[in-house]
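Asker: Below is a structure I'd like to ask you about.
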Amino acid sequence: MTDLMEKIVALCKRRGFIYPGSEIYGGLGGTWDYGPLGAELKRNIKNVWWKDVVQLREDMVGVDTSIMLNPKVWEASGHVEAFTDPLVECKVCHARIRADAKDEIEKHGKSHDKKVDWTEPQKFNLLVKAYLGVLEDKQAEIYLRGEITQGVHVNFKNVLDSSRVKLPFGIAQIGKAFRNEITPGNFTFRSREFEQMEVQYYINPQKDEGEKWYEYWKKFWMDWYISLGINGDNLHFKDHKEGERAHYAKAATDIEYNSPFGWAEFMGIHHRGDWDLSRHEQYSGQSMKYKDPETGEEFIPWDIESSAGIDRSALFFLIDAYTEDDKRVYLKLHPKLAPFKAAVFPLLANKPDLVKLAREIYEDLKQDLMVAWDERGNIGGRYASQDEIGTPFCITVDFQSLEDKTVTVRDRDTTKQDRVKIVDLRDYLNGKIK
Ligand code: GAP
């Protein structure tokens, strides 16, 4: 692991962003638990995403579908047959590794005294199996969803019939997905349980608008990540060539992030054509057609999908925000994403008047914003502690506050302080958080 990754992993554990899953029992490979600050960060990512994708748009609606689906869904979607990664097995100790994970294979080779031989690559299906019902036989076997996508497609007709959507329109969803990853790693980057946020954007194939919407969503997401503070130099598109694409995609591109472990997939934009709806029509026997209200024509729409991992987003936001200078370490998180928007301090914890006024401000602000309280140690230590978790503003109640009802507000990135009237604090913070 690189030096920077070691620092990020240590900070996440120490300050309560991310812990190894089931740690007291020795862990469970590829699972992670989010602590108090990590839970806030993830919730903020999801809230900003939902607001920008659903709340502010008239062409989008949201759903929340089941993790457990009828197993036929996964036959229809092609995942039972094709959702595989190539796997090789060490002939010495039978360790199994992804055939394309060259570093892992090399590292493993060095762990044995003798030369390691590997089996030929075999296809390994990534769907996680579970049993539902009282019998643990073949009939009770289901899959935990390997992508959150299929719950949307199988409800395409329900959404059409129960809302006023008209093409082009999108269905958004946020939720957990599960994959039996052969080689989880790079902290949360490749996990076995993770969260996705996706848009399935349905378009009219007869208007030949595939290219237009595909390019539209590519630009939308690139701009979105940059607007939330990711350095644009650390992002690029990587198109999938023929033969590299998932079984459902006519065209696909990833937005990649320049991570400490190399350029790595942040999210994907996929032109899924009519693959999913056609297959569900075929396998379920139910029509998945859309009737054009103007022409009366019936057809199966195409889908331009945007699919992002929330855990990967959280990780890359943290890495990109991590800043060290000769004086301090701070997380330059966008205020919309920062776990706490502000922290409130009394200058001295042993002065009841200061504590009383600071508590009033804290109690008032927290009605609208996540706000931290700290009265431990000296003011410098409190600033350092908030900087390290990315709190953009620190509000200090000092002796002048008792006289003129103003406080100091210190900016995390510049460390400059403004003197702000207490009655204006809420507007001041809201103006900066936008
Ligand atoms: N519905 C399409 C789909 O799931 P994908 O490229 O397999 O496409 C989309 O996954 C996104 O989900 C990825 O770009 C990544 O952000 C996230 N993701 C996929 N596998 C992951 C894993 N094992 N751990 C964490 N995030 C993952």
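The values are calculated or read from the model by the stated rules, or taken from the named source; none is laboratory data. Predicted model, so just to flag it, every value in this text is computed and none were measured. Every residue, glycine as well, gets a Cβ built from its backbone with ideal geometry; the counts of neighbours run over all protein chains shown. These accessible areas exclude ligands, DNA and RNA; they are computed on the full protein's heavy atoms, side chains included. Shrake-Rupley method; radii C 1.70, N 1.55, O 1.52, S 1.80 Å.
Asker: Are there strands (runs of 3 or more DSSP E) fully within the range 346-423 with at least 1 residues that are surrounded by 13 or more Cβ atoms within 10 Å (Cβ to Cβ) and of a type in the set (S, T, N, Q)? List them.
Answerer: Answer list for the range 346-423: 393-397, 406-411, 417-421.
Asker: Take residue 165 and decide whether it is assigned by TED's automatic domain parsing to the domain that holds residue 316, open to solvent by less than 30 Å² (accessible area, probe 1.4 Å), in a loop (DSSP other than H, G, I, E, B) and within 20 Å of residue 56 (Cα to Cα).
Answerer: In short, yes.
Asker: Checking the conditions here, which among 315, 331 is away from the ligand (no atom under 16 Å from the Cβ) and surrounded by 14 or more Cβ atoms within 10 Å (Cβ to Cβ)?
Answerer: Going through 315, 331 in turn, just one is away from the ligand (no atom under 16 Å from the Cβ) and surrounded by 14 or more Cβ atoms within 10 Å (Cβ to Cβ): 331.
Asker: Here are some residues: 259, 162. Which one is within 16 Å of the chain's Cα centre (by Cα) and more than 11 Å from the ligand (Cβ to nearest atom)?
Answerer: Only one candidate passes the filter, namely 259.
Asker: All but one of (1) open to solvent by less than 20 Å² (accessible area, probe 1.4 Å); (2) closer than 25 Å to residue 226 by Cβ hold for residue 430, so report the exception by its number.
Answerer: Condition not satisfied by residue 430: (1).
Asker: Filter the range 185-208 down to the residues that are open to solvent by 40 Å² or more (accessible area, probe 1.4 Å), out of contact with any Phe, Trp or Tyr (no Cβ under 6 Å at 6 or more places or on another chain) and not in a helix (DSSP H, G or I) and list them by number.
Answerer: Selection gives 190, 192, 208.
Asker: Another question about this same structure. Could you pull out every one of the strands (runs of 3 or more DSSP E) wholly within the range 54-127 that has 1 or more residues that are out of contact with any helix residue (DSSP H, G or I) (no Cβ under 8 Å at 6 or more places or on another chain)?
Answerer: The qualifying strands (runs of 3 or more DSSP E) are 84-89, 96-98, 122-125.
Asker: Report yes if residue 375 is in contact (Cβ under 8 Å) with a residue 60 or more places away in the chain and among the acidic types (Asp, Glu), otherwise no.
Answerer: The answer is no for residue 375.
Asker: Here is a follow-up. For the range 15-53, what are the residues that are aliphatic (A, V, I, L, M) and either modelled with pLDDT under 95 or not in a helix (DSSP H, G or I) (or both)?
Answerer: Within the range 15-53, 18, 28 meet the criteria.
Asker: Then there is this: When residue 22 is evaluated against the numbered criteria (1) open to solvent by 50 Å² or more (accessible area, probe 1.4 Å); (2) within 16 Å of the ligand (Cβ to nearest atom), which criterion, by number, is the only one it fails?
Answerer: If we test residue 22 against (1) open to solvent by 50 Å² or more (accessible area, probe 1.4 Å); (2) within 16 Å of the ligand (Cβ to nearest atom), just (2) comes out false.
Asker: Could you check the range 143-162 and list, in sequence order, the residues that are part of a helix (DSSP H, G or I) and in contact with a Gly (Cβ under 9 Å, 6 or more places away or on another chain)?
Answerer: Correct list: 151 only.
Asker: Quick check, is residue 349 out of contact with any Leu (no Cβ under 9 Å at 6 or more places or on another chain), closer than 29 Å to residue 326 by Cβ and not assigned by TED's automatic domain parsing to the domain that holds residue 41?
Answerer: The answer is no for residue 349.
Asker: What's the total number of residues in the range 168-185 that are under 16 Å from residue 306 (Cα atoms), among the aliphatic types (A, V, I, L, M) and either at pLDDT below 95 or more than 10 Å from the ligand (Cβ to nearest atom) (or both)?
Answerer: 3
Asker: Quick check on my filter: what residues within the range 121-159 are closer than 22 Å to residue 293 by Cα and away from the ligand (no atom under 16 Å from the Cβ)?
Answerer: Selection gives 157, 158, 159.
Asker: What pairs come up if the first residue lies in the range 133-146 and is outside the structural domain of residue 196 (by TED's automatic domain parsing) and touching a residue at least 12 places away in the same chain (Cβ under 8 Å), the second is open to solvent by 60 Å² or more (accessible area, probe 1.4 Å) and of a type in the set (Asp, Glu), and their beta carbons are under 9 Å apart, counting only those six or more places apart or on different chains?
Answerer: If the second residue must be open to solvent by 60 Å² or more (accessible area, probe 1.4 Å) and of a type in the set (Asp, Glu), the pairs left are 144/193.
Asker: Here's something else I'd like to know. For the structure I just gave you, tell me whether residue 100 is surrounded by fewer than 16 Cβ atoms within 10 Å (Cβ to Cβ), modelled with pLDDT under 95 and within 15 Å of the ligand (Cβ to nearest atom).
Answerer: When the stated conditions are applied, residue 100 passes them.
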